[in-house]
Amino acid sequence: LLPPFLHRNRNNLEEFIDKICQYVIRDMDKYGVCVVDKFLGMEKGLAVLNEVLYMYSAGLFEDGQLVSNKGSTNDLKTIRGDQIIWLDGKEHQCQNIGMLISRVDAIIMRANKMHNNGKIGNYTINGRTKAMVACYPGHGSHYVKHVDNPNRDGRCITAIYYLNRDWDIKENGGLLRIFPEGWRDQVADIEPLFDRILFFWSDRRNPHEVQPAYKTRYAITLWYFDAEERNQACRRYQRESA
Ligand SMILES: O=C(O)CCC(=O)Nc1cc2ccccc2cn1
Ligand SMILES: [Mn+2]
């Protein structure tokens, strides 16, 4: 038992995770959107950026998988101009990306536990996608207004970590505009700033678009699954493909 004047000094990472987790729970419940700046700090943020730049310069990114194949091929390019690579963070030369992923996991899983007995926003989160590292090459590349999970595929929270230093939204564009349902004609304009992390509900509550970017724009996205919705989606998928 510790003497009364000595407090168990929890390491500051744990306290940091707790604090961010409070913001996430409160803001997701209130707004369905949450933004946290200085998520990793300059040194770790730069280490993640350098790993992304290294992979991009090594030509490992592919053209974004198209989420909807409306019309002929040439207008598909107009749906999204990003280039992507999927990572689980354990790859060689990705240990800092791996550290980022585990930090986001820690916040989501703790929020899951802390909030009304094991649910955040009535979800029970039990998994996530790999990390999708995206680059908008910057010749006006953009992403049209869309919903991440329009048809209950199981994804409930989108988490996006931005890596863009000295980003000037007027010069460089690339604004993420969210049109939160129920906000009437209000929008949430999120600048893709270095070491900023954004959380939002992945479903129809948050249609969003990336406006044309005129400078290379990097982001790392994770989607977290709700156990129930994911199971139902998988069962549906098995039935359909049977
Ligand atoms: O970079 C940002 O600020 C957000 C970009 C964005 O919305 N990306 C995105 C990427 C996607 C890739 C596959 C399937 C669905 C997807 C939905 N959204
Ligand atoms: Mn999206």
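The values are calculated or read from the model by the stated rules, or taken from the named source; none is laboratory data. Bear in mind the structure is a predicted one, so any value in this text is a computation, not a measurement. In this analysis, Cβ positions are derived from the backbone assuming ideal geometry, glycine residues included, and neighbour counts consider all displayed protein chains.
Is it the case that ASP195 is out of contact with any strand residue (DSSP E or B) (no Cβ under 7 Å at 6 or more places or on another chain), crowded, with 17+ Cβ neighbours inside 10 Å, over 20 Å from PHE61 (Cα atoms) and modelled with pLDDT of 95 or more?
The answer is yes for ASP195.
Scan region 123-151 for residues that are of a type in the set (Gly, Ala, Ser) and within 12 Å of ligand 2 (Cβ to nearest atom) and report the count.
Going through region 123-151, the residues of a type in the set (Gly, Ala, Ser) turn out to be 127, 131, 134, 138, 140-141.
Next cut, within 12 Å of ligand 2 (Cβ to nearest atom) only: 134.
The total comes to 1.
Suppose we keep only residues that are in contact with an Asp or Glu (Cβ under 6 Å, 6 or more places away or on another chain) and more than 11 Å from ligand 2 (Cβ to nearest atom) within region 191-233. Which one would you say is farthest from PHE179 (Cα to Cα)?
Step one: filter region 191-233 for residues in contact with an Asp or Glu (Cβ under 6 Å, 6 or more places away or on another chain), giving 196, 202, 205, 233.
Filter once more, keeping what is more than 11 Å from ligand 2 (Cβ to nearest atom): 196, 205, 233.
Working: ARG196: 19, ARG205: 8, ALA233: 26 Å.
Filtering first and then ranking leaves ALA233.
Which of the residues that make up region 7-64 are farther than 18 Å from ILE101 by Cα and assigned to a strand (DSSP E or B)?
VAL33, GLU62, ASP63
Residues ASP189, ASP166, ASP203: which one is within 13 Å of ligand 1 (Cβ to nearest atom), more than 17 Å from MET132 (Cα to Cα) and outside any strand (DSSP E or B)?
None of the other options fit; the residue is ASP203.
With respect to GLU229, determine if the residue is touching a helix residue (DSSP H, G or I) at 6+ places or on another chain (Cβ under 6 Å) and modelled with pLDDT of 95 or more.
no
Can you tell me how many residues within region 208-231 are within 11 Å of ligand 1 (Cβ to nearest atom) and either polar (S, T, N, Q) or part of a helix (DSSP H, G or I) (or both)? Walk me through how you get there before you give the answer.
In the first step, residues of region 208-231 are kept if they are within 11 Å of ligand 1 (Cβ to nearest atom); the result is 208-211, 213, 217-221, 223.
Applying the additional criterion that residues be either polar (S, T, N, Q) or part of a helix (DSSP H, G or I) (or both) yields 211, 221.
Of the residues in region 208-231, 2 are within 11 Å of ligand 1 (Cβ to nearest atom) and either polar (S, T, N, Q) or part of a helix (DSSP H, G or I) (or both).
Give all pairs with beta carbons closer than 6 Å in which a residue from region 123-152 that is over 30 Å from ARG110 (Cβ atoms) and aliphatic (A, V, I, L, M) meets a residue that is at pLDDT below 95 and assigned to a loop (DSSP other than H, G, I, E, B); count only pairs at least 6 apart in sequence or on separate chains.
Filtered contacts from region 123-152: VAL144/ILE79.
If we scan region 95-114, do we find a residue that is buried (at least 18 other Cβ atoms within 10 Å of the Cβ) and either within 16 Å of ligand 2 (Cβ to nearest atom) or outside any helix (DSSP H, G or I) (or both)?
no
Output yes when any residue across region 141-156 is farther than 28 Å from ARG217 by Cβ, assigned to a loop (DSSP other than H, G, I, E, B) and either out of contact with any helix residue (DSSP H, G or I) (no Cβ under 8 Å at 6 or more places or on another chain) or not small (Gly, Ala, Ser) (or both), and no when none is.
Among the residues of region 141-156, at least one is farther than 28 Å from ARG217 by Cβ, assigned to a loop (DSSP other than H, G, I, E, B) and either out of contact with any helix residue (DSSP H, G or I) (no Cβ under 8 Å at 6 or more places or on another chain) or not small (Gly, Ala, Ser) (or both), which makes the answer yes.
Could you check region 129-146 and list, in sequence order, the residues that are within 8 Å of ligand 1 (Cβ to nearest atom) and touching a Lys or Arg at 6+ places or on another chain (Cβ under 6 Å)?
If the condition is that a residue be within 8 Å of ligand 1 (Cβ to nearest atom) and touching a Lys or Arg at 6+ places or on another chain (Cβ under 6 Å), then TYR136, TYR143 are the ones that fit.
Return only the number of the condition from (1) modelled with pLDDT under 95; (2) out of contact with any helix residue (DSSP H, G or I) (no Cβ under 8 Å at 6 or more places or on another chain); (3) of a type outside the set (Ser, Thr, Tyr); (4) within 19 Å of ASP105 (Cα to Cα) that ALA219 does not satisfy.
It fails just one condition, (1).
Considering only residues that are buried (at least 21 other Cβ atoms within 10 Å of the Cβ), of a type in the set (D, E, K, R) and closer than 15 Å to ASN126 by Cβ, which ones fall in region 198-229?
Matches in region 198-229: ASP226 only.
Filter region 147-174 down to residues that are surrounded by 14 or more Cβ atoms within 10 Å (Cβ to Cβ) and within 14 Å of TRP201 (Cβ to Cβ), then give me how many there are.
Result for region 147-174: 12.
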